[in-house]
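> After the structure tokens below, expect a handful of questions from me.
The values are calculated or read from the model by the stated rules, or taken from the named source; none is laboratory data. What you see is a predicted model, and the numbers here were worked out from it, not measured in a lab. Here the Cβ positions follow ideal geometry from the backbone for every residue, glycine too, while neighbour counts run over all protein chains shown.
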Amino acid sequence: MRLVTIGLSLILAAAFVFFGAQKFGSENIIFATIANNSGIGLFEPIIRMLTGAAELATAALLLLPVTRRLGAVAGLIILLGAIGFHLSPWLGISPEGIGPGLFYMALAMFAGLIVLNVLLKDTPLFGRDN
């Protein structure tokens, strides 16, 4: 079971690095769409970059055994936000020019994080048990 936990953590961390690093380039169509449709200008670039930083921090937490459970919980919170925006009228499941793939990826990662949290249920959220 330990190898499954490590493997799943590595896959999820890689996905968070992939998606998090993209948030630091030029304007992101997802966040630009949300900003445009909601009328809240903070989504692009401020919330985009904060989300990217949170995703990169989550990846780091998932890599370290002592913080893996915290990373799994943080990842669930981030993906709840992503799924919520995809289900909102501000973004939608299939944004124009992107399609539904990003939404399906968020659902797959969310499912993986639920499995990881179940596997780590006896692990303390913050560090080691003394």
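> Tell me the residue from Thr58, Thr51 that is touching a residue at least 12 places away in the same chain (Cβ under 8 Å), buried (at least 18 other Cβ atoms within 10 Å of the Cβ), under 18 Å from Ile30 (Cα atoms) and among the polar types (S, T, N, Q), please. Walk me through how you get there before you give the answer.
Numbers: Thr58 fails: under 18 Å from Ile30 (Cα atoms).
Exactly one residue qualifies, and that residue is Thr51.
> Yes or no: Phe85 buried (at least 17 other Cβ atoms within 10 Å of the Cβ), in a helix (DSSP H, G or I) and within 16 Å of the chain's Cα centre (by Cα)? Walk me through how you get there before you give the answer.
Working: buried (at least 17 other Cβ atoms within 10 Å of the Cβ): yes; in a helix (DSSP H, G or I): yes; within 16 Å of the chain's Cα centre (by Cα): yes.
When the stated conditions are applied, Phe85 passes them.
> What about Phe103, is it touching a helix residue (DSSP H, G or I) at 6+ places or on another chain (Cβ under 6 Å) and within 13 Å of Ile30 (Cα to Cα)? Spell out how you get there, then give the answer.
Numbers: touching a helix residue (DSSP H, G or I) at 6+ places or on another chain (Cβ under 6 Å): yes; within 13 Å of Ile30 (Cα to Cα): yes.
Judged against the criteria, Phe103 is a match.
> Additional query: Would you check which residues across the stretch 96-119 are outside any helix (DSSP H, G or I) and either at positive phi or modelled with pLDDT of 95 or more (or both) and list them?
Initially, the stretch 96-119 is screened for residues outside any helix (DSSP H, G or I), giving 96-100.
Within the stretch 96-119, Gly97, Gly99, Pro100 meet the criteria.
> For Leu91, only one of the following conditions fails: (1) in a helix (DSSP H, G or I); (2) buried (at least 19 other Cβ atoms within 10 Å of the Cβ); (3) among the hydrophobic types (A, V, I, L, M, F, W, C). What is its number?
Condition (1) is where Leu91 drops out.
> Which condition from (1) touching a residue at least 40 places away in the same chain (Cβ under 8 Å); (2) under 15 Å from Leu113 (Cα atoms); (3) out of contact with any Pro (no Cβ under 8 Å at 6 or more places or on another chain) is the one that Arg69 breaks?
Among (1) touching a residue at least 40 places away in the same chain (Cβ under 8 Å); (2) under 15 Å from Leu113 (Cα atoms); (3) out of contact with any Pro (no Cβ under 8 Å at 6 or more places or on another chain), the lone unmet condition for Arg69 is (3).
> Suppose the filter is in contact with a Gly (Cβ under 8 Å, 6 or more places away or on another chain), farther than 26 Å from Ile114 by Cα and either at pLDDT 95 or above or not aliphatic (A, V, I, L, M) (or both); does Phe16 pass it? I'd like the intermediate steps shown before the answer.
Numbers: in contact with a Gly (Cβ under 8 Å, 6 or more places away or on another chain): yes; farther than 26 Å from Ile114 by Cα: no; either at pLDDT 95 or above or not aliphatic (A, V, I, L, M) (or both): yes.
No.
> Kindly list, by first and then second residue, each pair from a residue in the stretch 95-123 that is closer than 23 Å to Leu61 by Cβ to a residue that is part of a loop (DSSP other than H, G, I, E, B), limited to pairs with Cβ atoms under 7 Å and residues at least 6 apart or on different chains.
Final answer for the pair search is Leu119/Met1.
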